[in-house]
1. Where does each of B:S166, A:S99, B:S43 land when they are ordered by accessible area, with a 1.4 Å probe and the largest first?
2. List the aspartates and glutamates whose alpha-carbon lies under 12 Å from that of A:K100, not counting same-chain residues fewer than 8 positions away?
3. How much accessible area does B:F96 have with a 1.4 Å probe, in Å² rounded to the nearest 10?
4. With every protein chain in place, what's the accessible area of A:K21 (1.4 Å probe, Å², nearest 10)?
5. Per-residue HN-Hα couplings for the stretch B:65-74, Karplus 6.51 cos²θ - 1.76 cosθ + 1.60 at θ = phi - 60°, whole Hz, x for Gly and Pro?
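The values are calculated or read from the model by the stated rules, or taken from the named source; none is laboratory data. Computed from a predicted model, the values in this text were never measured in an experiment. Accessible surface areas use protein heavy atoms only, side chains included; no ligands, DNA or RNA. Shrake-Rupley method; radii C 1.70, N 1.55, O 1.52, S 1.80 Å.
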2 protein chains.
Amino acid sequence: MPPSQPRSPTRRTDAERNRDKILNVARTAFADPAAEVSMAEISRRAGVGMATLYRNFPGRRELLEALYTEEVDAICAAARAPGASLSSWLHQLFAFFASKQHIAAELLKHTGSGDPVFGGGRARVVAAGQPLLAAAQRARETRDDVTIDQVLDLIHAVATIEGDASYVAPILRTALDGLRVGGQQGDFTWPRE
Amino acid sequence: MPPSQPRSPTRRTDAERNRDKILNVARTAFADPAAEVSMAEISRRAGVGMATLYRNFPGRRELLEALYTEEVDAICAAARAPGASLSSWLHQLFAFFASKQHIAAELLKHTGSGDPVFGGGRARVVAAGQPLLAAAQRARETRDDVTIDQVLDLIHAVATIEGDASYVAPILRTALDGLRVGGQQGDFTWPRE
C-alpha cells in the first residue's frame, strides 16, 4: 500500500474549521434561550459568510441537530474512555442533561418529539452506559434492581429540578448514593410497594 | 353555654353530601385527561342539578382548585397522623404527585402558574413534612444534607418519570434508599462536585 498523504491527525481542513467555528458559536448562543440569536448573528460571530453557514447547516433545525448529536457523541465517548466508571460518568451525564435542555427544547419546537435524532440519541446513550452499569453491578458497587434506562431516567429527572447548583447538588448526591449497593442494605427497612 | 344542637359528627347536611358527590365524580372524571368530561356530564353523573353544581363550583377552575386543595389536605393530614414516619409519608407523597398531575396540569391551563392555590399547596406540604424529616434526621435514619424542599423536589421528579408502576418503583426505591443515612456511608466513595 502506498503511504498516505502526510497529514497530521490534528490538522483540519478549512471546511472542518468553519464547521467547528459555527458549532462553537451556536453552542454558546443557544445556551441562553432568551437571547434568540438569529442565523445572521451566528454567521457574524463565527466570522463566516451566510453562504458558508447555510452550506453547512441549511437551517436552524440542522444546526440544533448537529449540536445535539455532538453532545451525544461526547457523552458516549466519555463512557468508553479508559478508566471510565459509572459514578464519574453519571456526573457527566447529569451535566449533559442539564446543559442540553435548551437545545433539546428548541429542537422540539422545530421537529416535534418524533424527531429520530432524539430517539437515536437516547439509544446511543443507553448502549454506551450499559457496560458501565454492568461492570459496577458485577463489582457489587451498584444495586442490581435497576436497568440503564431506569438509571438514565433518574438522573434526567434530577436534572430537571429547578434551582442553582448548590441546591441541586445534594439531590443528585442522594440519587447517586441510592444507586450504591450500600444504599440498599442496613438495619433500617423502608416499606416496599 | 347551652348545649349545642345534638348532631353526630359523621352526619352530613344535604349541601355537604352534594358537594362530596360532585367532588367524587370529578376526581374520577379528571383522572383521565383524554376523556374531557364536561360540567354537564359531571352534574349528570353526580345526580345533582346544574344549579347545585354551579352553586358549589361556579366554574371548572373552582372545581379543579377544590380537588387540588382536597388532595393537599389529605397529604398534610397523613403527615400529622399518629405514627406517621418520613418513609411511609414519602410513599404517600409519591402517589399524591403521580395522581394529581392531571388535575394540576388542567388547572394550569385555566390559571397559569401564578395561581395562589399552587404556591399555597406547596407551602402547606413543606410545613407538614418538615417535622417528619427533622425527626428522621434526629434519629439518624435520614441524611442531614437535604432540606424538606429538596426531598419534595426529588420525589416529585421521580413521579414525573414515564412508565408503569413496575418500571418506576425501583427508581423510587433508589431515591428513598439514597435518603437513608446508610446511603451516605460505606467504603465506596462517589465523586462529589
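1. Values: B:S166 90, A:S99 60, B:S43 10 Å².
Order by accessible area, largest first: B:S166, A:S99, B:S43.
2. Leaving aside aspartates and glutamates fewer than 8 places away in the same chain, those within reach of A:K100 are A:D32, A:E65, A:E70, A:E71.
3. Surface accessible to solvent at B:F96 totals approximately 20 Å².
4. 90 Å²
5. Per-residue couplings from phi come out as 4, 5, 5, 5, 4, 4, 6, 5, 3, 5 Hz.
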